[in-house]
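S.K.: Let me begin by handing over the structure; questions about it come next.
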Amino acid sequence: MTIAKKDLFDFDTLLKRRGTASLKWEKYKARDIIPLWVADMDFRSPPAVIEALHQLVDYGVFGYTITPDELNEAVMAMLESKYAWKVKPEWLVWLPGLVTGLNVACRAVGEDGDDVMTAVPVYPPFLSAPGYSRRNIIKVELHERNNQWRFDFDRLEDSITSTTKLLLFCNPHNPVGRVFNAEELATLAAICQKYGIVICSDEIHCDLILDRQKKHIPTATLNPDAAARTITLMSPSKTFNLPGLSCSFAVIPEKKLRQSFKKVMQGIVPRVNAAGYAAARVAFTECAQWHAGLLEYLRGNLSIVQQAIYQIPNLSMAPVEATYLAWIDMRATGVNNPAAFLEDAGVGLQDGIEFDAPGFVRLNFGCPRSLLQKALDRMNAAMAKDR
Ligand SMILES: Cc1ncc(COP(=O)(O)O)c(C=O)c1O
């Protein structure tokens, strides 16, 4: 898609987020630390989303809200047009968060004491959800080979136990930025089929594909068996910067699995709120140009991050195929606690320890370029001083 005007949307303006109860910015309240940690972008949401929320506020009635039919239709149309995935409305289960979905999936599959498998490093709630759900976690390491993070499928298969019932899978992957290809997905799905493992496929970053050669493939679209054993989790929240509006959904084609999932939710998981629904509907139907503009901007930011990181001795990162997150390896620097070291230098990144990978940091480049450049300059200066 071509964007009519180069500056149709403004991703350059520095927003004042301090003092707005922002999780990202309040962490470093009153400290000169640029927060590039949690996955929320320093951009205003698309104008059409803001307009829809204005309309809701002007109406002024905020009663309990059921899922609007138009939203289910918008999601079904979106999945069909992007992935040729024909989804029935009853397969959609709306959730106030994807992390909720990960935890519900852990409780909905298997029994207390069963094993849940995941590949590390990974987004921290993947690591905590099994334990919160009285399951054991089995961690299988992803490997970086030839500058690309990959599964070791033999190792993964060897780690499966007789009580492994669920795989928590992240694609596109946070934090390593991979968009797993058809072959990798087919291998993973075949292993899960062989051992009767349910797949919970977190695809929250699927609309943030930065590498033009890559294409997102929902795990459930691989074949009928994969469709039946997969709980897909999706949301407009990362793409359209709506994480505070708590609106996401699961797609669960298989009836029994869907019933188990819904049963676990009963009485615990609240409804999605009216603002989340309103924003989601418009995000999925009216924001294609904003989305295209965002991807262009993020690609520009990624290239600045890559250039900066490649120039700093002993820092490395594999290409980011998707997400606005760079996964930086600082193990060769000899710095003991890289996240703390960089905080002292005025840059707040997320510590790899939280992802089960000490020595790494995760940098969120979803911010105005001037702020990103300032943070990278600070990193460069701190590393130069350390040499
Ligand atoms: C892979 C992944 N899943 C889930 C989430 C969070 O989802 P939610 O805010 O809807 O709970 C994130 C946020 O960064 C994420 O990266």
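S.K.: At a 1.4 Å probe radius, which order do PHE62, PHE261 fall into by accessible area, largest first?
M.R.: On the way: PHE62 130, PHE261 0 Å².
Descending accessible area places them as PHE62, PHE261.
S.K.: Can you list residues whose amide H is under 5 Å from ILE231's amide H, if they're 5+ apart or on another chain and H is modeled 1.01 Å from N?
M.R.: ILE199, CYS200, SER201
S.K.: Let me ask something additional. Apply the Karplus parameterisation 6.51 cos²θ - 1.76 cosθ + 1.60, with θ equal to phi minus 60°, to every residue of region 186-193 and state each ³J(HN,Hα) to the nearest whole Hz, in sequence, with x for glycine and proline.
M.R.: 5, 5, 4, 5, 5, 5, 5, 5
S.K.: Give the long-range amide H neighbours of VAL347: residues separated by 5 or more places, or on another chain, with amide H under 5 Å away, using H modelled in the peptide plane at 1.01 Å from N.
M.R.: Amide H neighbours of VAL347, under 5 Å, 5+ apart: ILE34.
S.K.: Taking N as the number of residues in region 294-387, what is its alpha-carbon radius of gyration divided by 2.2 N^0.38 Å?
M.R.: Numbers: Rg = 12.3 Å, N = 94, 2.2 N^0.38 = 12.4 Å.
Region 294-387 yields a ratio of 1.00.
S.K.: Calculate one ³J(HN,Hα) per residue across region 164-179 by plugging θ = phi - 60° into the Karplus curve 6.51 cos²θ - 1.76 cosθ + 1.60, and present them in order as whole Hz with x for glycine and proline.
M.R.: 7, 10, 9, 10, 8, 10, 10, 8, x, 8, 9, x, 7, x, 7, 10
S.K.: To the nearest 10 Å², what's GLU51's accessible area with a 1.4 Å probe?
M.R.: Around 100 Å² of this residue is reachable by solvent.
S.K.: Relative contact order of region 304-343, please, whole-number percent, based on alpha carbon pairs below 8 angstrom and at least 6 residues apart. Each step should come with its number before you reach the end.
M.R.: Numbers: 30 pairs, mean separation 12.3, N = 40.
Rounded, it is 31 percent for region 304-343.
S.K.: Output ³J(HN,Hα) for region 31-36: one whole-Hz value per residue in order, computed from phi by the Karplus curve 6.51 cos²θ - 1.76 cosθ + 1.60 with θ = phi - 60°, and x for Gly and Pro.
M.R.: Here the 3J(HN,Hα) series is 10, 7, 10, 7, x, 10 Hz.
S.K.: Listed here are the pairs LYS27/LYS256; LYS29/LYS215; LYS139/LYS238; LYS16/LYS215; LYS88/LYS165; which of them are more than 31 Å apart at the Cα?
M.R.: Working: LYS27/LYS256 42 Å; LYS29/LYS215 39 Å; LYS139/LYS238 26 Å; LYS16/LYS215 35 Å; LYS88/LYS165 26 Å.
Check vs 31 Å cut-off fails for LYS27/LYS256; LYS29/LYS215; LYS16/LYS215.
S.K.: Mind putting together the pair-distance distribution for the chain? All Cα pairs, 20 Å bins, whole percent per bin, short to long.
M.R.: Per 20 Å bin, starting at 0, the Cα pair percentages come out as 28, 59, 13.
The values are calculated or read from the model by the stated rules, or taken from the named source; none is laboratory data. Please read these numbers as outputs of a predicted model, since none were measured by experiment. To get the accessible areas, we keep the full protein, side chains included, count just its heavy atoms, and leave off ligands, DNA and RNA. Shrake-Rupley method; radii C 1.70, N 1.55, O 1.52, S 1.80 Å.
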